[in-house]
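Asks: Below are the structure tokens for one structure; questions will follow.
The values are calculated or read from the model by the stated rules, or taken from the named source; none is laboratory data. Worth saying up front: this structure is predicted, and the values here are computed from it rather than measured. Cβ placement follows ideal geometry from the backbone for every residue including glycine, while neighbour counts extend to all protein chains displayed.
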Amino acid sequence: MNPTPPRLLAGVITLAWGGLTGNPTWGLFAALLLESRSWTNLRWDFNRSSYIRAWQFSILIGALIAILAWINGVKAGKLHTLFVWTPLILLPLELAQRYGKASKIPLNTFSFFARKKMDRDITEGRHTSPRMVNTGYLYIAVVILATAMASKHDIHHFIGLSLMTAACLFFYVRKNGFRPWAWSIALAISLTLGFAGQLSMFKLYHYFTGAQSAGGGHRTHTNESRTSIGKLGKLKLSPRVFWRMSVHEGNVPALLRTAVYNRYALARWTHEYIPPAGSDPMLEDDFTDDTRISAFQDRDTRTFGKDTKLDLSEKGDLSIIGEVDSHVKNNPIPLPENMLAYGDLGAEPLVSRNSLGTVRIGNPENHVINYTVWTGKEPTTEDDPVDEFDLHIPVQEKAAITRIANQLGLDREGLSTRAKINILRDFFSNEFQYNTHLKTPSVERGRRSTAVGMFLETTRAGHCEYFATATALLLREAEIPSRYCVGFSVNEQNSDREEWIMRGHHAHAWCRVWVEEENANGEVVSKWEDVDLTPSAWHEMDMLGRPDWQRKLIDWWQRVREDFLIWRTREANKTNVAIVVGTIITILLSWISWRLWHSRQRNE
């Protein structure tokens, strides 16, 4: 049987790879190079060293792609996703196989140790007979696997992969006693198993990758936060740096919030709202776009406030650098509570906010973003409270919340909002402990209690999600609108760079409270304020886990990578980077082309 694939098979498969993975230009380029062998009589008499150099060149291309991907944000643990580029990485070796005069290449081309053993055998005069292999069908199999790695979960991609598989099987067996019925049945069975496996893996993936606890430093969702309330064991938080902040003017904000929620049920906070009259609740998502303002001539500046004529300092009050998830359509971004305006995100990103004050960015130009923030005296991103949501207490929590509120006297007449907050602050500071390792509590016989109820009446120990949830529900029982907030606590500073660091274990939960009080003129004014009643001991516990030298090295590399990406994507630097990279690639390809041209031969 001929080990070489038939004409056009590799080209068609490569074109399909380019179309299904969103790289049609590269697919066409590779297909033309592969199939040009059938249209020209140019050949090269490659020896064993030539194939080794082709393999080493493929390894070099793969390493460069991996480095560029890592710099551009692909995590080290997800470098396997670069397998989609394997058809281009292995292209030099496959071209050497196709345009070489030999029909097969030594199998030890792919092993450094096997080559060294063969060289030693030759030096010592022993007979060598390396196993030979044709890479044609192996390359096609790799292209199909790469296509499957990057394909979307829809029927069109599955049909495309099925046709590619069927074509390969057909051409492979037609010269070895082709039996149509047997081939059809075998193909049908394999495709059925493939489809069932794909569907099962897709469902398992979504089952195990649901919304994460926002307080744990994972990806934050704009409409839902699954807390760790009620879960036993130690709460594990990531030491990875998520955001970096530089303060240029004013005070350092104690908290940066990423998302706000208003309804609690069964250890989960969600964002609910009343859609405008006449709107489709399935299409409306409560997010409104920002307004661009002309505060500076050459800078993109935006606000959510009504006043668009703002007097902003050129440097801004603070700047924030961090990474967003490129696989998510919209990412919430951290902001201080009294954000007035923000800028320097570029013209492309779509930024919007909901009625609770969550601000999200969509369609960012790059996965690492750097933006400037200007702050004011009052928040500009939140609407007034809605009693239906901001005073709601779940039925399951009502009994315990009412008992504690009555014990503390939160229902006494004449108490101001701040007085009630101070009562709760003393209550949590004096009678509770901060703890991230929760054990099974004992429950009195005949009494049904929830996790929050046991936290308030039995264990009196928990992490920030417990304190924030209990605070919000107790204040609601006292007729004070309250919301649940997630974000980061600002308490670690890199003094060498004058930056504040937000790691996963700085992820925090607190409350937004509607505070009503009289101003100097005797007028009653109301506004949303941050209220964090988690005992301050949690900051001291965080200080115990200072980063070691390994963590510092990882932080350094992450900072270099992010700063380089921001530098590279600035308009003034894009052209210079393109010229340097283009020059290096041109010189390398020119040198390879010159060597190949002068060693060419023609088949007679």
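Asks: Give all pairs with beta carbons closer than 6 Å in which a residue from the stretch 92-105 that is outside any helix (DSSP H, G or I) meets a residue that is aliphatic (A, V, I, L, M); count only pairs at least 6 apart in sequence or on separate chains.
Replies: Filtered contacts from the stretch 92-105: LYS104/MET132; LYS104/VAL133.
Asks: OK, next. Which is outside the structural domain of LEU95 (by TED's automatic domain parsing), at pLDDT below 80 and not in a loop (DSSP other than H, G, I, E, B), of LYS574, LYS527?
Replies: LYS574
Asks: Right, something else. Scan the stretch 390-405 and give yes if some residue there is exposed (fewer than 14 other Cβ atoms within 10 Å of the Cβ) and within 30 Å of ASP307 (Cβ to Cβ), otherwise no.
Replies: No - not one qualifying residue is present in the stretch 390-405.
Asks: Out of all the residues in the stretch 161-185, which are of a type in the set (S, T, N, Q) and at pLDDT 70 or above?
Replies: Hits for the stretch 161-185 are SER162, THR165, SER184.
Asks: For the stretch 28-52, give me each residue that is surrounded by 14 or more Cβ atoms within 10 Å (Cβ to Cβ) and without any contact (Cβ under 8 Å) to a residue 40 or more places away in the chain.
Replies: LEU28, PHE29, ALA31, GLU35, SER36
Residue-by-condition table, conditions (1) over 22 Å from GLY504 (Cα atoms); (2) within 25 Å of the chain's Cα centre (by Cα); (3) assigned to a helix (DSSP H, G or I):
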site	(1), (2), (3)
VAL452	yes, no, yes
GLU465	no, yes, yes
ALA468	no, no, yes
LEU473	yes, no, yes
ILE480	yes, no, no
VAL486	no, yes, no
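Asks: Which residues, taken from the stretch 313-334, are in contact with a Ser or Thr (Cβ under 8 Å, 6 or more places away or on another chain) and modelled with pLDDT under 85?
Replies: The answer is ASN330, and nothing else.
Asks: Going through the stretch 409-430 one residue at a time, which ones are touching a residue at least 40 places away in the same chain (Cβ under 8 Å) and either more than 18 Å from TRP514 (Cα to Cα) or crowded, with 18+ Cβ neighbours inside 10 Å (or both)?
Replies: LEU410, THR417, LYS420, ILE421, LEU424, PHE428, SER429
Asks: Next up: Out of THR381, THR372, report the one residue that is over 18 Å from LYS527 (Cα atoms) and not small (Gly, Ala, Ser).
Replies: Of the residues listed, the single one that is over 18 Å from LYS527 (Cα atoms) and not small (Gly, Ala, Ser) is THR372.
Asks: Okay, next question. Residues LEU82, LEU90, LEU107: which one is exposed (fewer than 14 other Cβ atoms within 10 Å of the Cβ) and among the hydrophobic types (A, V, I, L, M, F, W, C)?
Replies: LEU107
Asks: If you don't mind, another one. May I ask you to say which residue of GLU431, GLU382, GLU413, GLU388 is out of contact with any helix residue (DSSP H, G or I) (no Cβ under 7 Å at 6 or more places or on another chain) and under 30 Å from HIS248 (Cβ atoms)?
Replies: Values: GLU431 fails: under 30 Å from HIS248 (Cβ atoms); GLU413 fails: under 30 Å from HIS248 (Cβ atoms); GLU388 fails: under 30 Å from HIS248 (Cβ atoms).
Going through GLU431, GLU382, GLU413, GLU388 in turn, just one is out of contact with any helix residue (DSSP H, G or I) (no Cβ under 7 Å at 6 or more places or on another chain) and under 30 Å from HIS248 (Cβ atoms): GLU382.
Quick grid of which residues meet (1) over 20 Å from the mean Cα position of the chain (by Cα); (2) charged (D, E, K, R); (3) at pLDDT 90 or above:
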position	(1), (2), (3)
ASP45	yes, yes, no
TRP55	yes, no, yes
SER58	yes, no, yes
ILE61	yes, no, no
LEU68	no, no, no
VAL74	no, no, no
GLY77	no, no, no
THR81	no, no, no
LEU88	yes, no, yes
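Asks: Would you check if there is a residue in the stretch 312-323 being over 18 Å from the mean Cα position of the chain (by Cα), under 26 Å from TYR261 (Cβ atoms) and part of a strand (DSSP E or B)? Outline the logic, then answer.
Replies: So in the stretch 312-323, the residues over 18 Å from the mean Cα position of the chain (by Cα) come out as 312-319.
Keeping just the survivors that are under 26 Å from TYR261 (Cβ atoms) gives 318.
If we keep only those that are part of a strand (DSSP E or B) too, we end up with 318.
Checked against the condition, which is being over 18 Å from the mean Cα position of the chain (by Cα), under 26 Å from TYR261 (Cβ atoms) and part of a strand (DSSP E or B), the stretch 312-323 yields at least one hit.
Condition check ((1) at pLDDT below 70; (2) over 30 Å from ILE369 (Cβ atoms); (3) surrounded by 21 or more Cβ atoms within 10 Å (Cβ to Cβ)) across all residues:
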{"position": "PHE195", "(1), (2), (3)": "no, yes, no"}
{"position": "LEU199", "(1), (2), (3)": "no, yes, no"}
{"position": "PRO239", "(1), (2), (3)": "no, no, no"}
{"position": "ALA259", "(1), (2), (3)": "no, no, yes"}
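Asks: Starting from residues that are charged (D, E, K, R) and at pLDDT 90 or above, keep the ones in the stretch 460-502 and report whichever is farthest from ILE423 (Cα to Cα).
Replies: From the stretch 460-502, those charged (D, E, K, R) are 460, 465, 476-477, 479, 483, 492, 496-499; that's our starting set.
Narrowing further to those that are at pLDDT 90 or above: 460, 465, 476-477, 479, 483, 499.
Working: ARG460: 16, GLU465: 19, ARG476: 14, GLU477: 14, GLU479: 15, ARG483: 18, GLU499: 35 Å.
Checking each candidate, the answer is GLU499.
Asks: Determine whether ILE122 is free of Cβ contacts under 8 Å to residues at least 40 places away in the same chain, of a type in the set (A, V, I, L, M, F, W, C), closer than 30 Å to PRO364 by Cβ and loosely packed, with under 14 Cβ neighbours inside 10 Å.
Replies: So ILE122 does not fit the description; no.
Asks: Filter the stretch 1-26 for residues that are over 22 Å from ASN134 (Cα atoms) and in a helix (DSSP H, G or I) and give the result.
Replies: ALA16, GLY18, GLY19, LEU20, PRO24, THR25, TRP26, listed by residue number.
Listed here are the residues, each with its yes/no results for (1) under 29 Å from GLU562 (Cα atoms); (2) modelled with pLDDT under 80; (3) of a type outside the set (Asp, Glu).
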{"site": "GLY278", "(1), (2), (3)": "no, yes, yes"}
{"site": "ASP285", "(1), (2), (3)": "no, yes, no"}
{"site": "ASP290", "(1), (2), (3)": "yes, yes, no"}
{"site": "ASP300", "(1), (2), (3)": "yes, yes, no"}
{"site": "ASP307", "(1), (2), (3)": "no, yes, no"}
{"site": "ASP311", "(1), (2), (3)": "no, yes, no"}
